[in-house]
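Written out below as structure tokens is the structure these notes cover.
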């Protein structure tokens, strides 16, 4: 987003109906994450991206506050068939996602390009689902 509301925690852009959300790596204060998480959720709800890719490549420690933002984003896109793909997760983040059983719910990809490529490969069936629903 270019309006400056998301700068400390998230860098967000839309690419081919996919919301790319890069999480900045430094540690964030609770209020920053909460405030920007709310702005990000409104952005996703307003723009209704087909899918959301969350890039955790710069995140050293995945905490419950960030996971909470991701859960809220997923809940907003899941009703219309949207998928949340997490990419670049370090071993600690993968462990957190696995222990919370979120790795079974969300797809994991090594990189943003790999996540986008995976979405392109599955587009035909999703287009059919979108036209019916």
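When 90, 72, 83, 101 are checked against the criterion of being within 23 Å of residue 34 (Cα to Cα) and loosely packed, with under 13 Cβ neighbours inside 10 Å, a single residue qualifies: 101. Per the conditions (1) modelled with pLDDT of 90 or more; (2) in a helix (DSSP H, G or I), the sole criterion not satisfied by residue 85 is (2).
Could you please tell me which pairs satisfy a Cβ distance under 7 Å, a separation of 6+ or placement on different chains, a first residue in region 79-102 that is under 17 Å from residue 41 (Cβ atoms), and a second residue that is part of a strand (DSSP E or B) and modelled with pLDDT of 95 or more? Between residues of region 79-102 that are under 17 Å from residue 41 (Cβ atoms) and residues that are part of a strand (DSSP E or B) and modelled with pLDDT of 95 or more, the close pairs are 82/51; 82/52; 83/51; 84/52; 84/54; 86/54. Note on region 1-15: residues that are exposed (fewer than 12 other Cβ atoms within 10 Å of the Cβ) and at pLDDT 75 or above total 2.
State yes or no: is residue 18 farther than 16 Å from residue 102 by Cβ and at pLDDT 95 or above? Here the answer is yes, as residue 18 does meet what is asked. Just name the residue that is surrounded by the fewest Cβ atoms within 10 Å (Cβ to Cβ) out of those in region 27-67 that are out of contact with any strand residue (DSSP E or B) (no Cβ under 8 Å at 6 or more places or on another chain) and closer than 14 Å to residue 106 by Cβ. Going through the qualifying residues, I end up with 67.
Outside any strand (DSSP E or B) and more than 21 Å from residue 114 (Cα to Cα): is that true of residue 70 in this structure? Judged against the criteria, residue 70 is not a match.
Of the numbered criteria (1) surrounded by 13 or more Cβ atoms within 10 Å (Cβ to Cβ); (2) in contact (Cβ under 8 Å) with a residue 12 or more places away in the chain; (3) farther than 18 Å from residue 8 by Cα, the one residue 110 fails is (1). Among the residues of region 24-47, the ones that are within 26 Å of residue 117 (Cβ to Cβ) and in contact with a helix residue (DSSP H, G or I) (Cβ under 7 Å, 6 or more places away or on another chain) come to 2 in all.
The values are calculated or read from the model by the stated rules, or taken from the named source; none is laboratory data. Note that the coordinates shown come from a computational prediction; the quantities given were computed from them, not determined experimentally. Don't worry about glycine lacking a Cβ; one is built from the backbone with ideal geometry, like all the others, and counts go over all protein chains shown.
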